[in-house]
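Presented below is the structure to which this report refers.
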Amino acid sequence: MPDQPGKHRSIPLVRELVRTYQAFEQLSSQRIKQHGLTHPQFDVIATLGNTPGMSCRELSERTLITKGTLTGVLDRLLDKGLISRTVPEHDRRSLFVALTPAGEAVFDSAFPDVVSHCGEAFDHLDDASLNQHIAMLAALRAAIGQKLEPAE
């Protein structure tokens, strides 16, 4: 089958998008590790911070962690004493997850530090440029979302 013009023109875009993600992951991982956390653990701590807690289902929807991975991440955070898991009386099939005082302390220390450290990478961008990048990334996400098959 002959190559159609423009058929693979998005490959450089995808490559750059992946390289950008990998660079950001490396930048943030360096700082997150200084707080004794992995990326998924930080995601949970950051999501639970400044909240009274939430169900596992809500936590799964609000983090970047797949449902299959979340249980193991929560187990490790529980072992570290950073979260509590309880079964609500009104819904015995559900689990409620909240930060412990130790978890709140980690959030209070790690979250602003990691956000500040990573944010410095974008300090050279003026507001108009930053907003343009945000809009372009949102458009890319929307384009990809249109190609995703609906969840069954």
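The values are calculated or read from the model by the stated rules, or taken from the named source; none is laboratory data. Please read these numbers as outputs of a predicted model, since none were measured by experiment. Glycine gets a Cβ as well: all are built from the backbone with ideal geometry, and neighbour counts include every protein chain shown.
Beta carbons closer than 7 Å, at least 6 apart along the sequence or on distinct chains, never pair a first residue in segment 89-100 that is within 11 Å of Leu48 (Cα to Cα) and in contact (Cβ under 8 Å) with a residue 60 or more places away in the chain with a second that is hydrophobic (A, V, I, L, M, F, W, C) and loosely packed, with under 15 Cβ neighbours inside 10 Å.
Of the residues making up segment 12-31, at least one is surrounded by 15 or more Cβ atoms within 10 Å (Cβ to Cβ) and under 20 Å from Asp108 (Cβ atoms). Pairs meeting the criteria (first residue in segment 46-70 and free of Cβ contacts under 8 Å to residues at least 40 places away in the same chain and closer than 11 Å to Val97 by Cβ, second residue in a helix (DSSP H, G or I) and basic (Lys, Arg), beta carbons under 6 Å, at least 6 apart or on different chains) are Thr47/Arg62; Ser60/Lys67.
Take the conditions (1) closer than 21 Å to Pro40 by Cα; (2) touching a strand residue (DSSP E or B) at 6+ places or on another chain (Cβ under 9 Å); Thr66 misses just one of them, which is (2).
Looking across segment 62-82, just one residue is among the β-branched types (Val, Ile, Thr), assigned to a helix (DSSP H, G or I) and surrounded by 16 or more Cβ atoms within 10 Å (Cβ to Cβ), and that is Val73. Residues of segment 77-100 that are within 24 Å of Ser28 (Cα to Cα) and over 21 Å from the mean Cα position of the chain (by Cα): Asp79, Gly81. Picking from residues in segment 75-99 that are touching a Leu at 6+ places or on another chain (Cβ under 8 Å) and modelled with pLDDT of 90 or more, the one that is farthest from Ala110 (Cα to Cα) is Thr86.
This table checks each residue for (1) within 30 Å of Pro12 (Cα to Cα); (2) surrounded by 12 or more Cβ atoms within 10 Å (Cβ to Cβ).
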| position | (1), (2) |
| --- | --- |
| Ser84 | no, yes |
| Phe96 | no, yes |
| Ala102 | no, yes |
| Ala105 | no, yes |
| Leu125 | yes, yes |
| Ala135 | yes, no |
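If you go through segment 44-61 and pick out every residue that is closer than 19 Å to Pro112 by Cα, part of a helix (DSSP H, G or I) and either modelled with pLDDT under 95 or among the polar types (S, T, N, Q) (or both), you end up with 1.
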